[in-house]
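Student: Structure incoming, see below.
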Amino acid sequence: MDVADAYLDDVRAQFRKMKVLAEGAIAQVGDDELGFTLDSESNSIATIMKHMAGNLRSRFTDFLTTDGEKPDRNRDGEFEGAAPGRAAVLADWESGWRVLFEALDALRPDDLQKDVFIRGERHSVIQALGRQLTHHSYHVGQIVFLAKHLRSSAWKSLSIPRKR
């Protein structure tokens, strides 16, 4: 296996781990808690999920051939409105991740040397993937933090529990 293949395998694995981590946190909160916010400037788990799904669809639909900020995306709308219910939030979430994984699975080592555009700005494929890993890990951390806050002492650790 060469370096490019190893890199693509690792990117796929890291995104899958991120998704599993977020879903482990989401599973621990009640339906009514998906829309909970800490304050008026904070986002709920449902809002973060909606934003992540919209971002993934926009960035990874026709990843190598079109700008990653699609004209039909309503980014601001991702942060508005009440949570539509667990089933709808999860369906939207899954659609974004499906687009990502289909795009990642289609990438070949030679694609890493190509350029893509995000909001008109040129990125190498490696830079664009790194940008997405950073962006989504930030939001997964927010989801885990909120879920842990909501569960408090009932929280079930998603990694190694304290003092064990």
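Student: State whether one or more residues within the stretch 92-106 are in contact with an Asp or Glu (Cβ under 8 Å, 6 or more places away or on another chain), modelled with pLDDT of 95 or more and not charged (D, E, K, R). Working first, answer last.
Tutor: Going through the stretch 92-106, the residues in contact with an Asp or Glu (Cβ under 8 Å, 6 or more places away or on another chain) turn out to be none.
No, every residue in the stretch 92-106 fails to be in contact with an Asp or Glu (Cβ under 8 Å, 6 or more places away or on another chain), modelled with pLDDT of 95 or more and not charged (D, E, K, R).
Student: Would you mind telling me which numbered condition in (1) within 26 Å of residue 8 (Cβ to Cβ); (2) out of contact with any Ser or Thr (no Cβ under 7 Å at 6 or more places or on another chain) residue 81 fails?
Tutor: (1)
Student: May I pose another question? Please list, ordered by first then second residue, the pairs with beta carbon atoms under 6 Å, 6 or more apart or interchain, first in the stretch 1-14 and within 15 Å of residue 130 (Cβ to Cβ), second not in a helix (DSSP H, G or I).
Tutor: Listed by first residue and then by second, the contacts come to 8/107.
Student: Sticking with this structure for a sec: From 120, 130, 96, grab the single residue that is within 15 Å of residue 7 (Cα to Cα) and either surrounded by fewer than 19 Cβ atoms within 10 Å (Cβ to Cβ) or not acidic (Asp, Glu) (or both).
Tutor: Numbers: 120 fails: within 15 Å of residue 7 (Cα to Cα); 96 fails: within 15 Å of residue 7 (Cα to Cα).
Being within 15 Å of residue 7 (Cα to Cα) and either surrounded by fewer than 19 Cβ atoms within 10 Å (Cβ to Cβ) or not acidic (Asp, Glu) (or both) holds for just one of 120, 130, 96, which is 130.
Student: State which residue is farthest from residue 156 (Cα to Cα) when the search covers only the stretch 29-51 and only residues that are in contact with a Phe, Trp or Tyr (Cβ under 7 Å, 6 or more places away or on another chain) and touching a residue at least 60 places away in the same chain (Cβ under 8 Å).
Tutor: The selected residue is 51.
Student: It is to be established whether one or more residues within the stretch 80-89 are in contact with a Lys or Arg (Cβ under 8 Å, 6 or more places away or on another chain) and in contact (Cβ under 8 Å) with a residue 40 or more places away in the chain. Quick ask: steps written out before the conclusion?
Tutor: The initial filter retains those residues of the stretch 80-89 that are in contact with a Lys or Arg (Cβ under 8 Å, 6 or more places away or on another chain), namely 89.
Still in the running and in contact (Cβ under 8 Å) with a residue 40 or more places away in the chain: 89.
Yes; the residues of the stretch 80-89 include at least one that is in contact with a Lys or Arg (Cβ under 8 Å, 6 or more places away or on another chain) and in contact (Cβ under 8 Å) with a residue 40 or more places away in the chain.
Student: Moving on. For residue 69, are the conditions met, namely being over 30 Å from residue 152 (Cα atoms) and among the acidic types (Asp, Glu)? Before you say what the answer is, go through the steps one by one.
Tutor: Values: over 30 Å from residue 152 (Cα atoms): yes; among the acidic types (Asp, Glu): yes.
Yes.
Student: Here's a follow-up. Return yes or no: is residue 75 charged (D, E, K, R), closer than 19 Å to residue 37 by Cβ, in contact with a helix residue (DSSP H, G or I) (Cβ under 9 Å, 6 or more places away or on another chain) and in contact (Cβ under 8 Å) with a residue 12 or more places away in the chain?
Tutor: Working: charged (D, E, K, R): yes; closer than 19 Å to residue 37 by Cβ: yes; in contact with a helix residue (DSSP H, G or I) (Cβ under 9 Å, 6 or more places away or on another chain): yes; in contact (Cβ under 8 Å) with a residue 12 or more places away in the chain: yes.
Yes.
The values are calculated or read from the model by the stated rules, or taken from the named source; none is laboratory data. Treat the numbers as computed from the prediction; the structure is a model and nothing was measured. Note that each Cβ is placed from the backbone with ideal geometry, even for glycine, and that neighbours are counted across all protein chains shown.
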